[in-house]
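Student: Dropping a structure here in structure tokens format, bear with me for questions.
The values are calculated or read from the model by the stated rules, or taken from the named source; none is laboratory data. As the structure is a computational prediction, the values presented were derived from the model and not from experiment. All Cβ positions, glycine included, derive from the backbone under ideal geometry; neighbour counts span all protein chains shown. Calculation scope for accessible area: heavy atoms of the full protein, side chains included, ligands and nucleic acids excluded. Shrake-Rupley method; radii C 1.70, N 1.55, O 1.52, S 1.80 Å.
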Amino acid sequence: MVRVLRYPRLSAAACAAAILCALCRDLCVQRGLHGWAGALLAATLLLLGASFALLSCRLFVDAQGVGVGFLLRVRRVPWTELAALGALCCNSRRRYLYGLYQGHDDFLQLLHRAPACGEWGFVAPLSKRLAAAVQTYCPYPVDLTPQQKGRPSGRMRALWHQAAFYLLMMLPAAALAFLTAGLMMARAAGRDVLSGSFASAAVAMALCAAGLLLLNRAAVAVATCPRISEQGVCAGHGLYLPWEEVRFAFVRRAPQGSGLFLLSETLENARRRGSPPVYCLSLPDTSTLMLAYLTYCPNAPREMGDMGR
């Protein structure tokens, strides 16, 4: 059996933050700052709980099938009950292993909710160890071989409008969240009761998490700022797709947000076993980008109404 973490980077970050808080608490104890030592102890315990939860999100692969687990709950699915299994690369060049369960073959829903797992399927980072395990235990062939994608040639036009809007909205909100978190930690350090200190530290940690989420959204908006030309489209300096390799496009509009998905494979290929690696671009559905897709892509529909919503 091969076990891999579903969120390796978040797990490493949470563990590193817990170790840092523990070291800072020891320094505060040595210098007699008992208020700050209590606040940092509460923060360390909260981070240890978050680290344990993230480390419990695992993917299991063995001869019987695939298992997706959280804590003591593990859903085991035999290889024969997977409707789709393959490799996915979205915006960056990092690869993921995706699977769709039978009866839930909505690949577009999987794209929208990734990297979460649910009753529809799973998405997990694809390492060499996991790829070797899948090719060893899976009874049918699965193409997990990475394909070398070309680099953009010539000058590409960057669509900075939405990225700039995210920066203007997210950065002040993140700064306010971090400032409030610092004030809450100072308040927790000034309390003598452990329960009050723990509650204030919990609020401070929640505000720090909100600030980091806002910073991540702003960084992702800048890093995946779409760049277009007559030859292809690119997500920032990441994945590049020539227009002739775009086989399917989907526009998703919802109250929480909207986006344009460009796929290198058709939905029929993505929803079956052993499909070639799927390359996806998740971009904002701005009018300029939509017009470029309808103009330059040879596989684009003649009317915008023909695209999925």
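Student: If you go through segment 136-182 one residue at a time, how many are under 22 Å from residue 231 (Cα atoms) and either small (Gly, Ala, Ser) or not in a loop (DSSP other than H, G, I, E, B) (or both)? Full working, then the answer.
Tutor: So in segment 136-182, the residues under 22 Å from residue 231 (Cα atoms) come out as 147-161.
Those left that are additionally either small (Gly, Ala, Ser) or not in a loop (DSSP other than H, G, I, E, B) (or both): 150, 153-154, 157-158, 161.
Here the count works out to 6.
Student: Could you list, in sequence order, all residues of segment 71-86 that are at pLDDT below 85 and of a type in the set (Val, Ile, Thr)?
Tutor: Answer for segment 71-86, where residues must be at pLDDT below 85 and of a type in the set (Val, Ile, Thr): just 74.
Student: Pull out all pairs, ordered by first then second residue, where Cβ-Cβ is under 6 Å, the residues are six or more apart or on different chains, the first lies in segment 159-171 and is over 11 Å from residue 217 (Cα atoms) and open to solvent by less than 80 Å² (accessible area, probe 1.4 Å), and the second is part of a helix (DSSP H, G or I) and of a type in the set (Val, Ile, Thr).
Tutor: 159/288
Student: If you don't mind, there's one more thing I want to ask. Within 29 Å of residue 109 (Cα to Cα), small (Gly, Ala, Ser) and buried (at least 20 other Cβ atoms within 10 Å of the Cβ): is that true of residue 206 in this structure?
Tutor: Details: within 29 Å of residue 109 (Cα to Cα): yes; small (Gly, Ala, Ser): yes; buried (at least 20 other Cβ atoms within 10 Å of the Cβ): no.
When the stated conditions are applied, residue 206 does not pass them.
Student: Return the residues of segment 25-36 that are out of contact with any Ser or Thr (no Cβ under 9 Å at 6 or more places or on another chain) and assigned to a helix (DSSP H, G or I); say none if nothing qualifies. Spell out the reasoning first.
Tutor: Step one: of segment 25-36, the residues out of contact with any Ser or Thr (no Cβ under 9 Å at 6 or more places or on another chain) are 26-34, 36.
The answer is 26, 27, 28, 29, 30, 34, 36.
Student: Within segment 37-89, restricting attention to residues that are open to solvent by 40 Å² or more (accessible area, probe 1.4 Å) and assigned to a strand (DSSP E or B), which residue is nearest to residue 233 (Cα to Cα)?
Tutor: 58
So that you can scan it fast, the table gives a plain yes or no per residue for (1) touching a Phe, Trp or Tyr at 6+ places or on another chain (Cβ under 7 Å); (2) in contact (Cβ under 8 Å) with a residue 24 or more places away in the chain; (3) over 20 Å from residue 142 (Cβ atoms); (4) aromatic (Phe, Trp, Tyr):
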site: 34; (1), (2), (3), (4): no, no, yes, no
site: 44; (1), (2), (3), (4): no, yes, yes, no
site: 70; (1), (2), (3), (4): no, no, yes, yes
site: 77; (1), (2), (3), (4): yes, yes, no, no
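Student: Given the residues 217, 187, which is the only one that is touching a Phe, Trp or Tyr at 6+ places or on another chain (Cβ under 7 Å), open to solvent by 20 Å² or more (accessible area, probe 1.4 Å), among the basic types (Lys, Arg) and assigned to a helix (DSSP H, G or I)? Before you say what the answer is, go through the steps one by one.
Tutor: Details: 187 fails: touching a Phe, Trp or Tyr at 6+ places or on another chain (Cβ under 7 Å).
Step by step, each of 217, 187 is checked, and only 217 is touching a Phe, Trp or Tyr at 6+ places or on another chain (Cβ under 7 Å), open to solvent by 20 Å² or more (accessible area, probe 1.4 Å), among the basic types (Lys, Arg) and assigned to a helix (DSSP H, G or I).
Student: Listed residues 281, 260; which is buried (at least 19 other Cβ atoms within 10 Å of the Cβ), in contact with a strand residue (DSSP E or B) (Cβ under 7 Å, 6 or more places away or on another chain) and either modelled with pLDDT under 85 or among the small types (Gly, Ala, Ser) (or both)? Write out each step before concluding.
Tutor: Values: 281 fails: either modelled with pLDDT under 85 or among the small types (Gly, Ala, Ser) (or both).
Testing whether each residue is buried (at least 19 other Cβ atoms within 10 Å of the Cβ), in contact with a strand residue (DSSP E or B) (Cβ under 7 Å, 6 or more places away or on another chain) and either modelled with pLDDT under 85 or among the small types (Gly, Ala, Ser) (or both) leaves just 260.
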